[in-house]
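In what follows, a single structure is set out as structure tokens and then discussed.
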Amino acid sequence: MRMLEQEEENDDAAEVTWEDQQRINTFSKLNNRIRIIQEKLEELKQEKEALDDLSTELELADEDEPVLYKIGEAFLHMRQSRALKHLEKDQASVDARVAVLSGQADECEVQMKELKVKLYSKFGKAINLDE
């Protein structure tokens, strides 16, 4: 290790203005939001896989026998055709939620890229915005 010369020490020390601090705070909020969105997307992916598995099972089930279908926290006996209709609605709902969350994630990423450009152009190596 060596000690930095006075000139080297001050090279990376750009003054942080109020606007810069607001940009840093906004970047942090967006970063947290995108992590939450990614967690929700992972949960929806698992739910989608479960619904796909259920779809396969329902196709193999006997049409004359009632099947148990979960609605909310309760299981209901219903005919296979009705269960398939509910399943299609549930799959469409999951797909819609995935689309909305993906759009929000894309929005966050665009804003984060813009902020990175501004902050790195001013602070260079003095700031780390990568995970």
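Brief remarks follow.
- Taking the criterion of being among the hydroxyl-bearing types (Ser, Thr, Tyr) and without any contact (Cβ under 8 Å) to a residue 12 or more places away in the chain, the only residue of the stretch 60-107 that qualifies is Ser93.
- With respect to (1) in contact with a Cys (Cβ under 7 Å, 6 or more places away or on another chain); (2) of a type outside the set (A, V, I, L, M); (3) open to solvent by less than 100 Å² (accessible area, probe 1.4 Å), the lone exception for Arg33 is condition (3).
- Looking only at the stretch 64-74, residues that are farther than 17 Å from Glu47 by Cβ and not in a loop (DSSP other than H, G, I, E, B) come to 3 in all.
- Output for the stretch 115-131, where each listed residue is part of a helix (DSSP H, G or I) and loosely packed, with under 12 Cβ neighbours inside 10 Å: Val117, Ser121, Gly124, Lys125
The values are calculated or read from the model by the stated rules, or taken from the named source; none is laboratory data. None of the values given here were measured: they were computed from a predicted structure. Counting neighbours? That spans all protein chains shown, and the Cβs are built from the backbone with ideal geometry, glycine included. Quick note on the areas: whole protein, heavy atoms, side chains included, nothing else; ligands and nucleic acids left out. Shrake-Rupley method; radii C 1.70, N 1.55, O 1.52, S 1.80 Å.
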